[in-house]
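The structure under discussion appears below in the form of structure tokens.
Each value in this text was obtained by applying a stated rule to the coordinates, not by laboratory testing. A quick note: this is a predicted structure, and the numbers were derived from the prediction, not measured. Neighbour counts are summed over all protein chains in view; Cβ atoms, including those assigned to glycine, are modelled from backbone coordinates with ideal geometry.
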Amino acid sequence: MKYVDLHLHTTASDGSLSPAELVAMAKRAGYAAIAITDHDNTGGLPEAAAAGARLGVEVVPGIELSTEYAGLEVHILGYFIDPGAESLSDLLETALLHREERNTRICQVLQAAGVDVSMEELRETFPGAVLGRPHIGQVMVKKGYVGDVKQAFREYLGKGAKCYVPKVNMPMERAIRRISDAGGLPVLAHPYQYELEDAGLRTLIETAKGYGVVGMECVYSKYDEAQTAALLALCEEYGLAPTGGSDFHGASKPNISVGTTKAPYAYLEGLKELKQSR
Ligand code: AMP
Ligand code: ZN
Ligand code: FE
Ligand code: FE
């Protein structure tokens, strides 16, 4: 049986492995194919493609966009995107701008709370990364303000914590349409992470499908077999392609490891058929 992992983060967002290191790890773990899905960034894709060609691992170009839907942050994955597409570069530029503003604000609020973290320090520590709260948390750990990133979120950065700053996300509809415009296949990521009741989840699926989503993540590191089976049934019902991946981030999220989330290669074949039929 051939397996794939279609949800992986590198140092181009908040993962701790470089794209080449990640491909090598996937090779060691025995995956036939992987997708790189960094948050709001395609910067890691060329290095990953080169490493994949060198090591004999199929690498699917992907992305994960943070979007806003009914007051929730919903993540949309995009597979087989053209990283150079104009529809995407403009969108990512705006996302980056919103992140920069927010990160700057978080640093100010932290400084006021006696925690010395600066934008300069973040840029130096994580060159080339699309920066977010996980990076801020890691600097806080390194400088001894907290014991781990979880504590940084609980006490400072998370919703309801004392230095929380909300993020402006792009509307879900725009993200889905722009991924399609960039030749990509938009997929609803980790559907149970939004803590919706059955009816709410169905409304999300129907809305996302209406905007052009063609698939849904059913195999996920945090989901058990029963949850995966329920999501597969929803895919069947709504005519969506199932996908699967770990959401591995390396040391930045040590509870998720590569090699334990195994999605069948047939999921990738399903995506390829959709891509070809466009
Ligand atoms: P941002 O994009 O800056 O809002 O940061 C979101 C990232 O922080 C996502 O990758 C989340 O998985 C991660 N995150 C959210 N809450 C926590 C937490 N309590 N501990 C560790 N990471 C978290
Ligand atoms: Zn992440
Ligand atoms: Fe996500
Ligand atoms: Fe992710």
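Summarising the label geometry, the points placed 7 Å from Cα in the beta-carbon direction at Lys162 and Ala112 lie 1.3 nm from one another.
To check you understand DSSP bridge types, tell me what percent of the beta bridges within the chain (both residues inside) are antiparallel, rounded to 5. Here the antiparallel bridges make up roughly 45 percent for the chain. Using the alpha-carbon positions of the range 224-278, Rg (one decimal) and Dmax (whole number) come out as 13.6, 38 Å. Beta bridges from DSSP with both residues in the range 34-188: antiparallel share about 65 percent, rounded to the nearest 5.
By how many degrees, between 0 and 90 and to the nearest 10, does the Cα long axis of helix 198-211 differ from the longest principal axis of the chain? With rounding to tens, the tilt is 80 degrees. Packing around the peptides 167-176, 199-208, taken as the average count of other Cβ atoms within 10 Å per residue, puts them in this order, highest first: 167-176, 199-208.
Shape summary: the range 9-112 maps onto an equivalent ellipsoid whose semi-axes, from the alpha-carbon gyration tensor, are 28, 16, 12 Å in decreasing order. Excluding same-chain neighbours fewer than eight residues apart, the lysines reachable from Lys262 by a Cα-Cα span under 28 Å are Lys2, Lys27, Lys150, Lys209, Lys222, Lys253, Lys272, Lys275. If you take all other residues with their beta carbon under 12 Å from the beta carbon of Cys235, and give Lys and Arg +1 and Asp and Glu -1, the sum is -2. Distance between the pseudo-spin-label points of Asp82 and Glu155 (7 Å out from Cα toward the beta carbon): 5.0 nm. Once both labels are positioned 7 Å from their Cα atoms along Cα-to-Cβ, the gap between Ala32 and Val141 label points is 3.5 nm.
Taking the dipole about the Cα centre of the range 230-278, with the C-beta of Lys and Arg at +1 and of Asp and Glu at -1, give me whichever of Thr243, Leu268, Val258 is farthest to the positive side. Towards the positive end, the residue furthest out is Val258.
Between Thr94 and Leu274, full extension at 0.36 nm per residue minus the direct alpha carbon distance yields a gain of 61.9 nm.
For the range 132-146, putting each phi into the Karplus relation 6.51 cos²θ - 1.76 cosθ + 1.60 with θ = phi - 60° gives couplings of x, 4, x, 5, 4, x, 5, 5, 5, 5, 4, 8, x, 6, 9 Hz, in residue order, rounded to whole numbers and with x for Gly and Pro. Think of each Lys and Arg Cβ as +1 and each Asp and Glu Cβ as -1; about the Cα centre, that makes the dipole of the range 101-174 roughly 260 debye. For the chain, take the convex hull of the Cα atoms, compute a quarter of its surface area, and give me that in nm², please. Seen from a random direction, the Cα hull of the chain projects 13.9 nm² on average. Computed as a quarter of the hull surface, the mean projected area of the alpha carbon convex hull for the range 91-206 stands at 8.6 nm².
For the range 63-143, pairs of C-alpha atoms spaced more than 22 angstrom apart make up 36 percent of the total.
All other residues whose Cβ lies under 15 angstrom from that of Gly56 are scored, Lys and Arg at +1 and Asp and Glu at -1, for a net of +3. Taking the Kirkwood radius as Rh and the Cα radius of gyration as Rg, the range 103-149 has a ratio of Rg/Rh equal to 0.92.
For helix 172-181, what angle does its Cα long axis make with the longest principal axis of the chain, in degrees from 0 to 90 and rounded to 10? Rounded to the nearest ten degrees, it is 60. Given the C-alpha centroids of the range 42-71 and the range 232-274, what is the distance between them in whole angstrom? Their Cα centres are 14 Å away from one another.
Computed over neighbours whose Cβ is under 15 Å from that of Ser87, the net charge equals -3, Lys and Arg +1, Asp and Glu -1.
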